[in-house]
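What follows is a short report on a single structure.
The values are calculated or read from the model by the stated rules, or taken from the named source; none is laboratory data. Keep in mind it's a predicted model, so treat the numbers as computed, not measured. Cβ sites come from the backbone with ideal geometry, for glycine too, and all protein chains shown count toward neighbours. Protein only, heavy atoms only, side chains kept; ligands, DNA and RNA dropped before computing areas. Shrake-Rupley method; radii C 1.70, N 1.55, O 1.52, S 1.80 Å.
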Protein chains: 2
Amino acid sequence: MVQHGTAERGLESPVIACIQMQPQVGAKRDNVARALRYIETAASEGASLVVLPELANSGYVFKDRDEAFSLAEALPDGETAQIFAATAQRLGIHLVAGIAERAGRRLYNSAILTGPSGHIGTYRKLHLWNNEHLFFEPGDRGVPVFDTPVGRIAIVICYDGWFPETFRLAAMQGADIVCVPTNWVPMAGQPADRPAMATTLTMAAAHSNGLVIACANRIGNERGQPFVGQSLIVGGSGWPVAGPASADREEVLYAAIDLQRIRAERTLNDFNHVLRDRRADVYDPMLGTGWPSAHS
Amino acid sequence: MVQHGTAERGLESPVIACIQMQPQVGAKRDNVARALRYIETAASEGASLVVLPELANSGYVFKDRDEAFSLAEALPDGETAQIFAATAQRLGIHLVAGIAERAGRRLYNSAILTGPSGHIGTYRKLHLWNNEHLFFEPGDRGVPVFDTPVGRIAIVICYDGWFPETFRLAAMQGADIVCVPTNWVPMAGQPADRPAMATTLTMAAAHSNGLVIACANRIGNERGQPFVGQSLIVGGSGWPVAGPASADREEVLYAAIDLQRIRAERTLNDFNHVLRDRRADVYDPMLGTGWPSAHS
């Protein structure tokens, strides 16, 4: 169904698969088994980089911190991470998966990147949404960019994507692809007949940074909290190359990415480049000042 | 046709009008006369804040620097700026207009804000597009926010809007409304059946910052360069409240803005606020490093 990209000097342009699925809160074993079936399918269809939703193994709407704690695990040594690492190695793919992380007494809303040679890195969500503040600590590792044979990869989780700085930090460190495990929920003001605002935010971030952005959302309703699906993969020019997916069905999106083209197309004409045109001289002194407290 | 917003403690929620028109390069007198007719119409319809396109008085596609120089004028004392200032005073409105600025030997792609009490301020485009680099200097005044009776107003011109930092700088200084005089042109990769990418960038910036963004584009084709119209006004939740306008007709968009609501809706829930959730601790050390030259 999908084609492998051209391999260039050891850099393989990947086929990305985003898995839109419905985890069940607390049913960790079932969630992982379900994810594994979709990963197998994606790999058999030629995917070399697979993205799972946020908190794919645990579910999202925890009753309390104790429940979140009991579902979390150490990274990269926890049981889910070990299973995903072994699967990525066996299938020869790269895999990004959202996992509730336990680090001593602290919890993080995290995601791992694991590949054919084992664990590569962990990202901890920087911008916590709503009740996540009751369970998780805010991320403390910045926006790392991992250099892999299928491109330079960053990870951004759900509400992180509301902050253009997150994608900018990835792009400024040379990222090609941002993988977004997410649990997007309905936003106030969303017209029923239009794609989720997350679609717009993702397209804008891809266009402004010349990034591929691959978003895997969950579906379903957990303890009264609905999720909006609409997973999508956006190319470096900002237009979707796969999706948005449905709002309510499990499905897998695929897109073949040309890394050379992504990098070349950041040059817009003889004078302009989406990243090099930044006016760092203007932004930096002011961004450093924080929120002006005099204003409402 | 349109209603004035509620006046609160001396703060009047404005009715914004964006004027989509077709200047002719070099025909300065005609362009200004044409703009004045639209301004009169907008004011008679109840508009209290009117936005004109980029380089509304001069046109855009200059043959050479000499032509640009001959069409530029000092600000705020040049002839166009004086006429616009007098008109805003007479009609009791605020007006944002793109004007080619001459400052000694230097040229800037600028815009003025003028109001019922006269000239308020000037913005100089920070991010120059394509051949503008042959005529203009890059802006050197940051992103000023002007405190007016119809809200705190910033100005952003065309390609500035490709840089999320521009809107962020306005929002962090307390802006309510960003006025965007623009001359949007077709972008590579734009599907013919979808709104211009500028629509997406504007919606994302409004949503991520809780800003009203009012874009007045031009139409027509100048010396082979087409423009895409599609002016629009986006509310603080990121959804259009007027437009996008047509791609090829002169027209005026109107939207009544509720400043109190715009400010209040930046609070998303008990835990989240679109601006206060910024992780300045994470962004600033890295944004300061500039483009990493080791990467392609």
Here is a check on your reading of the model: is B:Asp147 out of contact with any strand residue (DSSP E or B) (no Cβ under 7 Å at 6 or more places or on another chain), assigned to a loop (DSSP other than H, G, I, E, B), more than 9 Å from chain A (Cβ to nearest Cβ) and without any contact (Cβ under 8 Å) to a residue 40 or more places away in the chain?
no
Tell me which of these A:Asn130 doesn't satisfy, since it passes every other one: (1) polar (S, T, N, Q); (2) outside any strand (DSSP E or B); (3) under 26 Å from A:Gln89 (Cβ atoms).
(3)
Check off (1) within 14 Å of chain B (Cβ to nearest Cβ); (2) of a type in the set (A, V, I, L, M); (3) open to solvent by less than 20 Å² (accessible area, probe 1.4 Å) for A:Leu113 and give me the number that stays unchecked.
(1)
On the basis of being assigned to a loop (DSSP other than H, G, I, E, B) and not β-branched (Val, Ile, Thr), does A:Tyr38 make the cut?
no
Those residues of the range A:167-195 that are within 11 Å of chain B (Cβ to nearest Cβ) and among the hydrophobic types (A, V, I, L, M, F, W, C) come to a total of 9
Looking at B:Gln190, is it under 23 Å from B:Gln260 (Cβ atoms) and open to solvent by 10 Å² or more (accessible area, probe 1.4 Å)?
no
Restricting attention to the range A:24-57, and to residues there that are closer than 22 Å to A:Arg102 by Cα and of a type in the set (Val, Ile, Thr), which single residue is surrounded by the most Cβ atoms within 10 Å (Cβ to Cβ)?
A:Val51
Quick test of your reading of the structure: A:Gly92 fulfils all but one of (1) free of Cβ contacts under 8 Å to residues at least 60 places away in the same chain; (2) surrounded by 16 or more Cβ atoms within 10 Å (Cβ to Cβ); (3) at positive phi. Name the failing condition by number.
(2)
In contact with a His (Cβ under 6 Å, 6 or more places away or on another chain) and small (Gly, Ala, Ser): does that describe B:Ala103?
no
Taking the range B:256-277 only, how many residues are in contact with a strand residue (DSSP E or B) (Cβ under 9 Å, 6 or more places away or on another chain) and either within 11 Å of chain A (Cβ to nearest Cβ) or not in a strand (DSSP E or B) (or both)?
9
Somewhere in the range B:58-69, is a residue farther than 14 Å from B:Val25 by Cβ and buried (at least 16 other Cβ atoms within 10 Å of the Cβ)?
no
How many residues, within the range A:236-254, are out of contact with any Gly (no Cβ under 8 Å at 6 or more places or on another chain), part of a loop (DSSP other than H, G, I, E, B) and farther than 16 Å from A:Met197 by Cβ?
1
Would you be able to say whether some residue in the range A:198-208 is of a type in the set (Ser, Thr, Tyr), touching an Asp or Glu at 6+ places or on another chain (Cβ under 6 Å) and either open to solvent by less than 10 Å² (accessible area, probe 1.4 Å) or more than 8 Å from chain B (Cβ to nearest Cβ) (or both)?
no
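If a residue must be away from chain A (no Cβ under 14 Å), within 16 Å of the chain's Cα centre (by Cα) and among the hydrophobic types (A, V, I, L, M, F, W, C), how many such residues does the range B:228-255 contain?
Summing the residues that are away from chain A (no Cβ under 14 Å), within 16 Å of the chain's Cα centre (by Cα) and among the hydrophobic types (A, V, I, L, M, F, W, C) in the range B:228-255 gives 7.
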What is the residue count in the range B:205-227 for residues that are part of a loop (DSSP other than H, G, I, E, B) and on the phi < 0 side of the Ramachandran plot?
4
Within the range B:125-140, tally of residues that are open to solvent by less than 20 Å² (accessible area, probe 1.4 Å) and within 11 Å of chain A (Cβ to nearest Cβ):
6
Just wondering, is there one or more residues in the range B:182-204 that are in a strand (DSSP E or B), modelled with pLDDT of 95 or more and hydrophobic (A, V, I, L, M, F, W, C)?
no
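Quick one: how many residues across the range B:156-166 are part of a helix (DSSP H, G or I) and facing chain A (nearest Cβ under 8 Å)? Before the answer, list the steps.
First pass over the range B:156-166, keeping only residues part of a helix (DSSP H, G or I): B:158-162, B:164-166.
Now drop any that are not facing chain A (nearest Cβ under 8 Å), which leaves B:159, B:162, B:164-165.
Final tally of qualifying residues: 4.
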